1. For residues that are among the polar types (S, T, N, Q), more than 11 Å from chain B (Cβ to nearest Cβ) and part of a strand (DSSP E or B), tally how many sit in the stretch A:19-57.
2. Out of curiosity, is B:F45 at negative phi, within 11 Å of chain A (Cβ to nearest Cβ), aromatic (F, W, Y) and without any contact (Cβ under 8 Å) to a residue 24 or more places away in the chain?
3. Could you pull out the residue among A:T98, A:T64 that is under 29 Å from B:S31 (Cα atoms), more than 14 Å from chain B (Cβ to nearest Cβ) and either outside any strand (DSSP E or B) or modelled with pLDDT of 95 or more (or both)?
4. Only one residue in B:F60, B:F50, B:F105, B:F64 is more than 18 Å from A:F102 (Cα to Cα), within 13 Å of chain A (Cβ to nearest Cβ) and not acidic (D, E), so which one is that?
5. Taking the stretch A:76-99 only, how many residues are of a type in the set (A, V, I, L, M), touching an Asp or Glu at 6+ places or on another chain (Cβ under 9 Å) and either buried (at least 18 other Cβ atoms within 10 Å of the Cβ) or closer than 20 Å to B:P39 by Cα (or both)?
6. Which residues, taken from the stretch B:68-110, are farther than 16 Å from B:V4 by Cβ, surrounded by fewer than 16 Cβ atoms within 10 Å (Cβ to Cβ) and in contact with an Asp or Glu (Cβ under 8 Å, 6 or more places away or on another chain)?
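The values are calculated or read from the model by the stated rules, or taken from the named source; none is laboratory data. Remember, predicted model here, so these are calculated numbers, not experimental data. Cβ placement follows ideal geometry from the backbone for every residue including glycine, while neighbour counts extend to all protein chains displayed.
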Amino acid sequence: SQQGEEDPQALSIQEGENATMNCSYKTSINNLQWYRQNSGRGLVHLILIRSNEREKHSGRLRVTLDTSKKSSSLLITASRAADTASYFCATVLLSGNTPLVFGKGTRLSVIA
Amino acid sequence: KAGVTQTPRYLIKTRGQQVTLSCSPISGHRSVSWYQQTPGQGLQFLFEYFSETQRNKGNFPGRFSGRQFSNSRSEMNVSTLELGDSALYLCASSPPDPNTGELFFGEGSRLTVL
């Protein structure tokens with residue numbers, strides 16, 4: 001089963017609104033990363049947050065991590081039509097040299 | 001710096017055939033990972049190579065294999081293709097610093113099996 005599960009599966013908002021996506025995971029992690037994928041293209045790394053961090057910012061992106069609840073959220077502020085994409089969380093497990101495990105993603109549609 | 005390059009971008013095969021996909025990582029990156037992406041299963045890890053050695057392997061049948069060359073370029077092969085192998089195959093490389101864990105993805109090879 002997937003280590004990370006994003007919620008919601010799909011989200012539709014108006015341009016200028018904020019978009020919030022959540023990710024839950026099951027086992028202890030070293031870090032958690034968020035990626036974006038435009039339709040049918042490769043994934044692009046957005047931001048990485050380590051297990052000892054609680055919040056991180058990058059431009060219009062804000063990521064939080066709650067290790068006690070095993071959850072993370074990605075907030076995109078003042079969304080633009082160009083933000084339309086699928087967003088995935090991925091975890092690096094604490095157990096050692098393991099590959100990045102991805103969730104199934106949230107499909108974000110930003111309507112102009 | 002050139003990104004991760006995957007070839008071919010699109011290909012169509014028939015059941016029973018075999019296919020080889022190629023991936024050239026970013027210069028200086030020695031780790032290459034492969035993922036299969038389908039609408040139903042999402043992104044599933046296939047394998048990871050580092051310095052020509054398979055370091056991790058996902059839960060795929062033996063029909064899926066890979067290798068890495070001394071210049072870090074990697075290939076994956078799928079033999080005896082099945083309809084369910086239709087997917088976007090993504091290759092990713094990672095920089096030498098193991099603390100980041102960040103992956104740099106190519107645009108993928110979209111395989112259609114008829």
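1. At the first step, the residues of the stretch A:19-57 found to be among the polar types (S, T, N, Q) are A:20, A:22, A:24, A:27-28, A:30-31, A:33, A:37-39, A:51-52.
From what is left, the residues that are more than 11 Å from chain B (Cβ to nearest Cβ) are A:20, A:22, A:24, A:27-28, A:51-52.
Next, from what is left, pick out any that are part of a strand (DSSP E or B): A:20, A:22, A:24.
Count: 3.
2. yes
3. Matching residue, one of A:T98, A:T64: A:T64.
4. Numbers: B:F60 fails: more than 18 Å from A:F102 (Cα to Cα); B:F105 fails: more than 18 Å from A:F102 (Cα to Cα); B:F64 fails: within 13 Å of chain A (Cβ to nearest Cβ).
Step by step, each of B:F60, B:F50, B:F105, B:F64 is checked, and only B:F50 is more than 18 Å from A:F102 (Cα to Cα), within 13 Å of chain A (Cβ to nearest Cβ) and not acidic (D, E).
5. So the answer is 1.
6. B:S70 - this is the single residue of the stretch B:68-110 that is farther than 16 Å from B:V4 by Cβ, surrounded by fewer than 16 Cβ atoms within 10 Å (Cβ to Cβ) and in contact with an Asp or Glu (Cβ under 8 Å, 6 or more places away or on another chain).
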